[in-house]
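In what follows, a single structure is set out as structure tokens and then discussed.
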Amino acid sequence: MNILKPYPVINGYTNIISQVICFLQFTRSCTLKAVENCTTTQLDFLPQGINNSPATLLRHIAALEFQFQQVTFYNKLLNNEQMLKWYGGYATELSLNYVREQPLSYYIALLEEQRNVTLELLKFKNDEWLLTDNPAVPKANNLFFWYHLAEDELCHTGQIKLILKRASL
């Protein structure tokens, strides 16, 4: 993908949604590259003074995508059952390092499952919807949430790279 050229319209999606998908997919490729071939020990590594392991951050990325699906596609906040399903994946819980001793394939499956849902649901939306204020969180439009997901994932990918660098010392 040549990121210096205009993004193509992806078959089945509108113009701006195609651009958002390109951002999301590029960001995900960076994340997957950062954790490529990681062992469970590396994923669970928790350097002194840092509250997040790579595993926790990967779970957080998947949890945030699920949360944004609920907010943007269904106009609702998470209920208690959904919060329990994703326990340990939200900002206030990250330092718990709730999920441990899982192979990389576990986290990749979480990420892929949520991304596949997002891509499927976006097929039924248009650019007007993307730019509409969200009823569940009226101070933001739907585009904000998907931009924020890409931005948050990219920041956490940087954290993951730093943690893994310390793990190899």
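Taken together, the values in this text are just the output of simple stated rules run on the coordinates, not laboratory data. All values derive from a computational prediction rather than experimental measurement. A quick note on method: Cβ atoms are made from the backbone with ideal geometry, for glycine too, and the neighbour counts reach across all protein chains shown.
Give me the extension gain from Y147 to I50: residue separation times 0.36 nm, minus the current Cα-Cα distance, reported in nm with one decimal.
Difference between extended and current length: 32.3 nm.
Relative to the longest principal axis of the C-alpha atoms of the chain, give the angle of the C-alpha long axis of helix 142-167, reported between 0 and 90° and rounded to the nearest 10°.
With rounding to tens, the tilt is 20 degrees.
What percentage of all Cα-Cα pairs in the chain are separated by more than 27 Å?
The calculated P(r) of the chain puts 27 percent of pairs beyond 27 Å.
Enter the angle in degrees (range 0 to 90, nearest 10) between the Cα long axis of helix 15-35 and the first principal axis of the Cα atoms of the chain, meaning the one along which they spread out most.
Long axis of 15-35 versus the principal axis of the chain: about 10 degrees.
Could you compute the FRET efficiency for T40 and K161, with r as their C-beta to C-beta distance and R0 at 25 Å, rounded to 0.05?
The value I calculate is 0.90.
Helix 54-74 versus the longest principal axis of the chain: what angle, 0 to 90°, nearest 10, using Cα atoms?
Result, in degrees: 20.
Within straight cross-link reach of K139, meaning Cα distance under 17 Å, which aspartates and glutamates are found once same-chain residues fewer than 8 apart are removed?
E128
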